[in-house]
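The values are calculated or read from the model by the stated rules, or taken from the named source; none is laboratory data. Note that this is a predicted model, so its numbers are computed, not measured. Cβ coordinates were reconstructed from backbone atoms using ideal geometry, including for glycine residues, and neighbour counts include every protein chain displayed. Note: accessible area is taken over every heavy atom of the protein model, side chains too, but ligands, DNA and RNA are not part of it. Shrake-Rupley method; radii C 1.70, N 1.55, O 1.52, S 1.80 Å.
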Amino acid sequence: MEQLGKILIIDDNEDVLFALNLLLEPLAEKIKVAVSPERIEHFMRTFCPDLILLDMNFSRDVVSGQEGFEALKQILRIDPQAVVIFMTAYSDTDKAVRAIKAGATDFIPKPWEKEKLLATLSSGMKLRRSRCEVNQLKEQVEALSDPAGEGFEGRIIGESEPMRQVFATVEKLREADANILLLGENGTGKDVIARLLYRHSPRYGRPFVTIDLGSIPEQLFESELFGYEKGAFTDARKAKAGRMEAATGGTLFLDEIGNLSLPMQAKLLTAIEKRQIVRLGGTQATPIDVRLICATNADIHRLVEEGRFRQDLLYRINTIELHIPPLRERGEDILLLAECFLQRYARKYRKEMRGLSREAKNKLLKYAWPGNVRELQHLMERAVLLGDGSLLRPENFLFQAADPQPDKLKDAKTLNLEQLERQTIERALRLSGGNMTRAAEYLGITRFALYRKLEKLGL
């Protein structure tokens, strides 16, 4: 017979408790007993039973079953998915019907027949598992419908040698279930590569959940990643599955993992190693089965050397390490991407544009692209929106971030690193018109990192 999970038995007859405990101990994961309904809330919240055997009559009234119905109501208020099986020596059809209508799963008379009792408990355990699976699916759907978890879109365009190497690596990993770390500058398309890895994995068709660790305040990290129970904090009006639980069976994409603080790294590592999580405000561990794809624009190996990133966590997330090349190293891919964005935005804004002039192509190829593909996309949208005629020309492209020119360093008024950093950030803010996201892209850092630098420099 299959294991019956955790069983809570509530009965004021100690002989009944002893007999049931002796009978069920070999079949149950754990058993807890209580002699009165007053202990129900304690056991429901600390023990989290799968099955509850509940006596219908206690000391107040030995025949009506009213105390049993009150206890049932309390149990279902705490856990609406609870499987409760009533027991009483005064069974009758009316009580059985009333018990089922009140939310009980079944009804067992005392004294019980061993085979019937075990069959009833086995059916109850199957029902419990089914209810938990349905509830988990509902929570996954809810978590995945959150805008923060929406899948990104985008085709992967590239024929350059660096991109061919990336594609070749992805193809080699087609049947692998290993954790992967994507390294590359901001805007290189690490999120798009993550989606490609997912599409070429054995877990394709199962949940693909993303979380941008660079945009989540540290105090919200646990609730976002691990979920929370009702009442865990002021606004927790109902329980919610976290990203890791929502992704179970599928893939979890952790973007900007280099921004995690050391305490949060420790909690993530524990969840990965134990393959289970505990929701904020909860006590019950939930098993998880996720494939991790992580990404960062930081030099994560340097962070390890500096003690700012845990080496044991790095070992866990980079079974395979994949470097995504910056746009400036992709040659003619720049023009392929530019043509693609031109067609997309020409359709969007109903513009009759055929392509790029030769001079415009040369200008795009000579630019250093500090913001990579994301910068090119924004530039093309602006050029199409403001351009006239059938071709885009050099004058349609106004680069807001200047090409790097190291030889001009000799003209700088200071070589103080902090002052140079302050001046660079102030310039990026001016160029972006105060738009923090755009300024962070110009600087090649995350918005979260920009906020930290602004706080550090007092800007």
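Neighbours of Glu395 by Cβ distance under 10 Å: Lys/Arg scored +1, Asp/Glu scored -1, total +1. Working from Cα pairs under 8 Å separated by at least six residues, relative contact order for the chain is 12 percent.
Extension gain for Ile157 to Leu385 (0.36 nm times residue separation, less C-alpha to C-alpha distance): 79.8 nm.
When peptides 118-127, 303-312 are sorted by average Cβ neighbour count within 10 Å, with the highest value leading, the order is 118-127, 303-312.
Whole-Hz Karplus values for the range 163-168 come out as 6, 4, 5, 4, 4, 5 Hz, taken residue by residue from phi with 6.51 cos²θ - 1.76 cosθ + 1.60 and θ = phi - 60°; glycine and proline positions read x. Could you list log10 I(q)/I(0) for the range 151-219 at q = 0.13 Å⁻¹, which the Debye formula gives when each Cα is one point scatterer? Ignoring solvent entirely, the Cα scatterers give -0.42. In the frame of its principal axes, the range 181-329 has Cα extents of 51, 38, 26 Å, reported largest first. Pairs of Cα atoms nearer than 8 Å and 6+ residues apart set the relative contact order; for the range 355-401 it is 55 percent.
Computed from backbone phi with θ = phi - 60° and the Karplus coefficients 6.51, -1.76 and 1.60, the 3J(HN,Hα) list for the range 22-30 is 5, 5, 9, 3, x, 9, 9, 5, 8 Hz; x is used for glycine and proline. Ligands, DNA and RNA are left out, and with a 1.4 angstrom probe the accessible area of the range 248-327 is 42 Å² per residue. With every protein chain in place and a 1.4 angstrom probe, the accessible-area ranking of Tyr451, Tyr349, largest first, reads Tyr451, Tyr349. Rolling a 1.4 Å probe over the protein chains gives Arg302 an accessible area of about 110 Å². Here the contact order of the range 265-368, divided by its residue count and restricted to Cα pairs under 8 Å and six or more residues apart, works out to 20 percent. Largest to smallest in accessible area, the residues Lys348, Lys230, Lys363, Lys32 fall in the order Lys230, Lys348, Lys32, Lys363 (1.4 Å probe, all protein chains included).
Accessible surface computed residue by residue for the range 1-40, with neighbouring protein chains in place and a 1.4 Å probe, gives 56 Å² per residue. Solvent exposure of Ile156, expressed as accessible area, is near 50 Å², computed with a probe of 1.4 Å over the protein chains only. Given their separation in residues at 0.36 nm each and the Cα-Cα distance between them, Leu76 and Lys172 gain 29.5 nm when the chain is fully extended.
Each of (1) 94, 48, 38; (2) 73, 59, 41; (3) 61, 57, 40 is a candidate for Cα extents along the principal axes in Å; the one calculated from this structure is (1).
Return the carbon/sulfur percentage of the accessible area of the chain, one whole number, probe 1.4 Å, all protein chains in place. Answer for the chain is 49 percent, counting heavy atoms of protein chains only. Once the C-beta distance of Arg308 and Phe233 is scaled by a Förster radius of 35 Å, the resulting FRET efficiency is 0.75 to the nearest 0.05.
If you wrap the tightest convex hull around every Cα atom of the range 219-272 and split its volume per residue, you get 89 Å³. Helical content of the chain, expressed as a calculated mean residue ellipticity at 222 nm, amounts to -13500 deg cm²/dmol (DSSP H runs of 4 or more residues, -39,500 (n - 2.57) each, divided by residue number, nearest 500).
Under a 1.4 angstrom probe, counting protein chains only, how are Lys95, Lys73 ranked by accessible area, largest first?
Listed by decreasing accessible area, they come as Lys73, Lys95.
If R0 is 25 Å, what FRET efficiency do you get for Gln423 and Leu365 from their C-beta distance, rounded to 0.05? The formula returns an efficiency of 0.30 here.
With a sphere of radius 12 Å drawn around the Cβ of Ile320, what net charge do the other residues whose Cβ falls strictly inside it have (Lys, Arg +1; Asp, Glu -1)? Every neighbour counted, the sum reads 0. Computed extension length for Ser215-Phe18: 65.5 nm, one decimal, from 0.36 nm per residue of separation with the Cα-Cα distance subtracted.
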